[in-house]
Amino acid sequence: MRTCFVRCPHWAIIAARRRSPELRGAPIVIHARVGARDLVHDASEEACAAGVEIGMRWREAQAHCGEAIAFEADPLADARAFEPVARALESVTARLELETPGSLAFPTHGPSRYFGGDDALARAVRATVRGVLGAEAPVSVGIADGRFTARLAARTDTVVAPGGAAEFLAPFPVARLGEAALVGLLERLGLTTLGAFAALPEHAVLERFGVDGARRHAWARGDDVSAMALGDPPPDLVVTMELDPPVTSVDAAAFAGKALADRLVGELAGRGLACTRVVVEAQTEHGETLSRTWGHEDGFRPGVLAERVRWQLDGWLAAQAVVIPDGNVRAQQDADAFADGGLDSTTGALTLLRLVPDEVVPIPARQLAFFGGDAAAAARADRALSRVQGLLGFDSVGTLVEQGGRTPAERIRFVPWGEPREPLRPLRVGAEVATWPGAVPAPAPARVFDPPRPAELLDAAGLPVRVGGRGEASAVPARVGCDALAGGGGPVRAWVGPWPGDVRWWDASARRRGARWQLVASTVAGDVACLVLVEGAQASLEAIYD
Amino acid sequence: MALAAADRARLIQLAQVAQVDRRAAPVSLARDRVLAVPGRFGDLLGGAIPRGSVVTVTGPAGAGATSAAVALAAAATAAGEWAAFVEPEGRNGASSLLGGIAAIESGVEPARCAVVRAVSRERWATVVGALLDGMLVVVAAIPPRLALGDARRLQARARERQAVIVALESVPRALTGAWPADATRRIVIDGVEWRGLEPGAGLLAERVVHAHVAGKGAPPRDARIVA
């Protein structure tokens with residue numbers, strides 16, 4: 001995209017002089033703290049003439065130019081001072097993008113045609129800026145293909161012809177790319193100019209320097225495709241409410257939450273949007289921030305969102321009620337138990353409530369099925385499940401989502417009702433189906449123990465069956481015992497295995513090595529097919545084919 | 001399980017068509033207010049069960065009671081309606097969970113199948129009652145010593161809502177009891193034979209379930225279901 005880059009060099013100095021006109025002609029040094037060091041951020045011509053350099057230590061600059069007037073850098077004030085310039089340039093183009101105080105960019109497509117060419121545009125821009133800053137103000141304008149090239153062109157006040165970017169860039173040092181690590185490496189490789197870097201093959205750069213390197217390679221080739229962030233900024237859809245006085249009772253919090261929820265849904269509806277996922281955030285008086293995402297696939301309606309907010313606040317404040325009475329160990333244990341149960345434990349009253357619409361969609365055209373069908377059933381089910389959630393707690397009601405994994409327990413994720421139904425390990429990544437070598441084959445067992453029940457798998461001699469390092473069994477299983485089987489277990493009638501499994505072998509803390517048998521045991525109540533895992537010396541019953 | 005995927009899909013489609021047909025009918029007769037149950041367990045029940053009824057399922061651990069209940073839940077989700085599983089409290093805290101993959105393999109649509117975990121005895125009747133308001137099929141593991149009054153109230157609610165209670169009377173390693181009131185169908189599973197797995201070879205492939213059904217308005221039947 002052909003871009004015009006406007007730069008007012010030493011803007012911090014210009015801004016300081018615009019604030020205090022008596023500083024005209026005096027040496028000025030602006031310094032800023034960078035980490036532990038105090039460095040010169042900008043210096044006026046007079047100071048530079050005395051030997052001050054940008055980037056040198058402030059103490060050293062004082063030694064060079066003792067009479068300089070010093071200021072701390074104030075980017076906010078600089079940005080405010082640049083505002084009149086930006087506003088004046090809005091007569092040239094409507095689509096400005098400020099980069100730093102003192103520099104901005106805009107696409108030339110329309111303005112250039114209007115002014116009759118790039119050179120005329122550059123003249124018009126320069127005249128406009130000088131109209132604000134005074135006839136003598138330094139301003140440089142660069143026009144080129146792509147923003148990176150335009151920025152470099154602005155240093156020399158150049159208009160680079162279309163298609164001439166690569167040629168223009170070639171002699172510049174690679175340091176202009178700005179990325180210290182990449183630049184250092186390129187210099188050590190002997191690639192000191194952008195031209196030399198640009199000459200490398202694209203795929204080799206991608207391989208060696210990654211996506212970021214490839215992007216900068218495109219810059220060096222004069223092939224900067226990055227779009228400018230233009231257009232209307234997205235509207236701020238977040239709604240916030242300060243709770244003053246802080247709220248500890250669920251009812252009061254829910255009342256505030258309802259008002260907030262209605263406001264959010266109303267504002268979104270005014271824009272023709274519905275929210276399918278919302279983050280409920282709260283802050284406590286101790287500065288803790290709590291947040292939880294709630295989803296609804298058709299978009300929240302006002303009552304529904306208010307209800308969700310109420311449950312969430314209820315959860316937070318209820319968990320806290322356990323902690324508050326006294327700080328002793330028991331209360332702490334209870335709080336831990338709550339935390340384990342998925343509730344967040346909090347301390348203190350809520351001071352701030354915020355609803356962040358995380359995902360919005362155009363309001364779905366709601367159409368009921370022809371014979372009053374599925375949508376009505378879904379609404380009924382939603383009400384029933386929400387009510388049960390109110391009775392038993394948020395985490396005890398949900399639906400199951402199939403996900404990637406090897407064992408029956410791993411392949412299912414329980415998602416609490418109202419949360420987005422997303423697997424932890426997706427079944428397909430892009431267009432590719434994820435494969436899970438060593439997964440237990442179909443049919444799947446209808447009863448799963450999570451965690452697995454301790455069991456014993458014995459050979460004909462009554463010794464536990466073990467699995468060696470190469471996945472071979474010490475003996476053939478003859479008897480399985482477990483309290484989940486009728487009569488405590490029985491002889492093994494048929495079996496297949498061991499299927500060795502060595503998962504997460506790259507992670508010492510999460511590594512699990514074991515072997516699995518699918519077997520049919522004869523118990524007092526008849527045959528039972530089950531899945532038995534042997535890990536080390538311990539056998540366990542993972543599932544029953546009920 | 002032995003049902004080929006194509007077979008299953010076809011049966012589900014037929015059930016859906018039948019359901020729409022029934023909804024579209026101007027007058028619904030009592031004999032039309034049924035839940036069509038596809039598959040082999042459906043054949044055992046004569047292809048359908050009346051809505052607003054109670055079906056009990058019992059059998060020793062591993063015989064296939066869960067699979068029978070899952071087949072009924074699958075019938076509801078295939079018809080575009082909802083199903084829910086009420087899981088029991090475990091003995092000493094550890095119970096067995098419904099195998100979700102098995103449910104999906106038997107045709108349950110997981111997005112329309114809710115699971116309520118570890119419901120305590122005290123809350124059980126309230127929870128099942130609330131679920132009957134929104135679900136077509138509620139598969140509930142019956143807690144021990146369920147009060148007859150509670151059972152009758154739930155039965156009345158199911159009749160009013162035209163929902164089906166599947167009373168699961170046995171769940172491995174869970175505290176369960178018997179359904180104390182009367183039931184429209186009682187499915188008793190006596191045993192199972194597994195095929196395909198030999199000593200040291202093969203894989204579990206299919207099973208033959210020995211089931212017995214008794215109930216009102218239908219003669220008692222013994223059946224061997226290949227599932």
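The values are calculated or read from the model by the stated rules, or taken from the named source; none is laboratory data. Keep in mind it's a predicted model, so treat the numbers as computed, not measured. Using ideal geometry, Cβ is built from the backbone for each residue, glycine included, and neighbour counts are taken over all protein chains shown. With ligands, DNA and RNA removed, areas are computed over all heavy atoms of the protein, side chains included. Shrake-Rupley method; radii C 1.70, N 1.55, O 1.52, S 1.80 Å.
Worth pointing out:
- Carbon + sulfur, % of accessible area of the range A:433-546 - ligands and nucleic acids excluded, 1.4 Å: 55
- Debye-formula intensities of the range A:447-544, expressed as log10 I(q)/I(0) at q = 0.21 Å⁻¹, are -1.01 (one equal scatterer per alpha-carbon, no solvent).
- Dipole-positive endmost among A:His10, A:Ala88, A:Ser112 within the range A:2-155 (Cβ charges, Cα centre): A:Ser112
- Accessible area per residue, Å², the range A:388-546 with all protein chains present, probe 1.4 Å: 45
- Potential extension, A:Ala204-A:Glu285 segment - 0.36 nm per residue separation minus Cα distance: 23.7 nm
- Cα centroid separation - the range B:104-138 against the range A:495-515, whole Å: 35
- Summed buried accessible area for B+A [probe radius 1.4 Å, Å², rounded to 100]: 4900
- Packing rank of A:198-204, A:215-221, B:106-112, B:162-168, where each peptide gets the mean count of other beta carbons within 10 Å, highest leading: B:162-168, A:215-221, B:106-112, A:198-204
- Gained length - A:Ala127 relative to A:Ser249, 0.36 nm times residue gap less alpha-carbon distance: 37.6 nm
- The mean of 1/r over all distinct Cα pairs in chain A, once inverted, gives the Kirkwood hydrodynamic radius of 30.7 Å.
- Extension reserve of the A:Ala180-A:Arg24 stretch, reckoned as 0.36 nm per residue once the Cα distance is removed: 52.6 nm
- Listed values for the range A:473-483 are Karplus-derived 3J(HN,Hα) couplings in whole Hz (6.51 cos²θ - 1.76 cosθ + 1.60, θ = phi - 60°), namely 7, 6, 7, 7, x, 10, 8, 10, x, 6, 6, and x replaces Gly and Pro.
- For the range B:44-150, convex hull of alpha carbons as volume per residue, Å³: 120
- Protein accessible area in the range A:2-155, 1.4 Å probe - carbon and sulfur %: 50
- Share of carbon and sulfur in the accessible heavy-atom surface of the range A:165-220 [1.4 Å probe, %]: 60
- Share of pairwise Cα separations in the range A:367-447, more than 14 Å, in percent: 72
- Base-10 log of normalised Debye intensity for the range A:2-155 (one unit scatterer per alpha-carbon) at q = 0.13 Å⁻¹: -0.63
- Using C-alpha pairs below 8 Å separated by at least 6 residues, the relative contact order for the range B:5-226 is 23 percent.
- Between the range A:384-454 and the range A:247-273, the Cα center-to-center distance that results, in Å: 32
- Basic side chains Lys and Arg get +1 at the Cβ, acidic Asp and Glu get -1 at the Cβ, and with that the dipole of the range A:2-155 about its Cα centre reaches some 420 debye.
- Relative contact order for chain A: 8 percent, from Cα pairs under 8 Å spaced at least 6 residues apart, divided by residue count.
- 1.4 Å probe accessible area per residue over chain B, in Å²: 38
- Alpha carbon centroid spacing (whole Å) that separates the range A:37-83 from the range B:152-197: 84
- Members of the range A:376-396 that become less accessible by 10 Å² or more once partner protein chains are added (1.4 angstrom probe, chain alone as reference): A:Ala377, A:Ala378, A:Arg380, A:Ala381, A:Ala384, A:Leu385, A:Arg387, A:Val388, A:Leu391, A:Leu392, A:Ser396
- Among the residues of the range A:513-546, those with an accessible-area drop of 10 Å² or more from chain alone to full protein complex, heavy atoms and 1.4 Å probe, are A:Gln518, A:Val520, A:Ala525, A:Asp527, A:Val528, A:Ala529, A:Ile544, A:Tyr545, A:Asp546.
- Residue-normalised accessible area of the range A:165-220, given per residue in Å² at a 1.4 Å probe: 54
- One quarter of the convex hull surface built on the alpha carbon atoms of the range A:113-166 amounts to 3.9 nm², the projected area averaged over directions.
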